[in-house]
Amino acid sequence: MEPTRLSGLNLNALVALDALLSERNVTRAARRVGITQPAMSQSLARLRELFGDPLLARKGRTMILTPRAEAMLLPLSDALLSVERALQLGMGFDAATSTRIFKIALTDLSVTMVLPSLLRLTGKRAPGVRVQAEPLSSARLSDQLSSGEIDLVIAVYLTSAGGLRTETLLVDDYVCLVRRGHALARRKRVCIDDYQAHRHVAYTPVGFVPRPMSEAVPGVASATGIRASVPYLLALPDVVRGTDLVATVPRRLLSAPIDFDGLVTLEAPPELPPVVHSQWWHPRFDSDPAHQWLREHVREAIG
């Protein structure tokens, strides 16, 4: 773009461009910015003219970014976030009067472990603050945290993604669940040989692999070892109840409000690694007062 064309852009146009590139949909972008769909369509037309590029191109029933738009996506988001943070410098964070919406990506176990306590705490200290739980997927995790689309991730089984901060909230261990009447049901602890000799159902959060078994007992992660995988930890007891499969789950699951009737709990092989519950965020938000407040309250809630 020629330098003179910058005169055709103002902050509102950049905000509209950021929404269009992030949402890849005119209607959703309009809703995100708080304008009508026709107004956003007009903004897109002006941006296309200014940049000399379609920015969004139709592919089937969806819209995709052009190469130029793809290249602008993260730098533009970073620039707007920097502007927002600059305007907030010195303002601090007043929890008692804030109406901020915090978006936290969690697994289903993290929802039961953290969310009720967190909502009780924030409800007393920050009545206008809203917490929005988001589904956890590994596909765009780093980009979502960097752009501020998601404020925080609370999960287990995440490997260290480049450039992200992580803080351990709780270290747990594993137990095994089998149905009553299973060949292992009379044991108190499963040894590693017995563990390898049986078939398993694995907990695989969206986009992740069954780390506890694949890391400590590689043979179990083979096609014959893992016969099923489930992305919802809270659904595993139902699967185990109706099969001869063994489920390896964090001990913390036993305190979840779900039905364990008909199941037997066994101590897992000690060779399995610990279960580490962590919170993850982008270093850009290290010093953000609101983000610091959120992380502190997550620590308190899980403690």
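Give me the pairs, please: first residue somewhere in the range 279-303 and within 23 Å of Gly128 (Cβ to Cβ), second residue anywhere and of a type in the set (S, T, N, Q), beta-carbon distance under 6 Å, and either six or more positions apart or on two chains. From the range 279-303, the pairs are Val298/Gln279; Ala301/Ser117. Number of residues in the range 181-205 that are of a type in the set (S, T, N, Q) and crowded, with 18+ Cβ neighbours inside 10 Å equals 1. Of the residues Pro135, Pro127, Pro54, the single one that is more than 30 Å from Gln42 (Cα to Cα), free of Cβ contacts under 8 Å to residues at least 40 places away in the same chain and surrounded by 11 or more Cβ atoms within 10 Å (Cβ to Cβ) is Pro127. Step by step: first the residues of the range 109-131, then only those that are modelled with pLDDT of 90 or more and polar (S, T, N, Q), then the one that is farthest from Val276 (Cα to Cα). Which residue is that? Within the range 109-131, the match that is farthest from Val276 (Cα to Cα) is Thr122. In the range 186-204, what count of residues is obtained for those that are under 35 Å from the mean Cα position of the chain (by Cα) and outside any helix (DSSP H, G or I)? Selection size over the range 186-204: 11. The condition of being closer than 17 Å to Ala19 by Cα and outside any loop (DSSP other than H, G, I, E, B) holds for only one of Ala105, Ala69, that being Ala69. Of everything in the range 214-272 that is at pLDDT 85 or above and among the acidic types (Asp, Glu), the residue that is nearest to Cys176 (Cα to Cα) is Glu267. Taken together, Asp78, Asp18 contain a single residue that is in a helix (DSSP H, G or I), under 25 Å from the mean Cα position of the chain (by Cα), of a type in the set (D, E, K, R) and at pLDDT 90 or above, which is Asp18.
Does at least one position in the range 293-303 carry a residue that is farther than 24 Å from Ser110 by Cβ, modelled with pLDDT under 90 and surrounded by fewer than 18 Cβ atoms within 10 Å (Cβ to Cβ)? No, the conditions are met nowhere in the range 293-303.
The values are calculated or read from the model by the stated rules, or taken from the named source; none is laboratory data. These numbers come from a predicted model, not from an experiment. Positions of Cβ are backbone-derived with ideal geometry, glycine not excepted, and every protein chain shown enters the neighbour counts.
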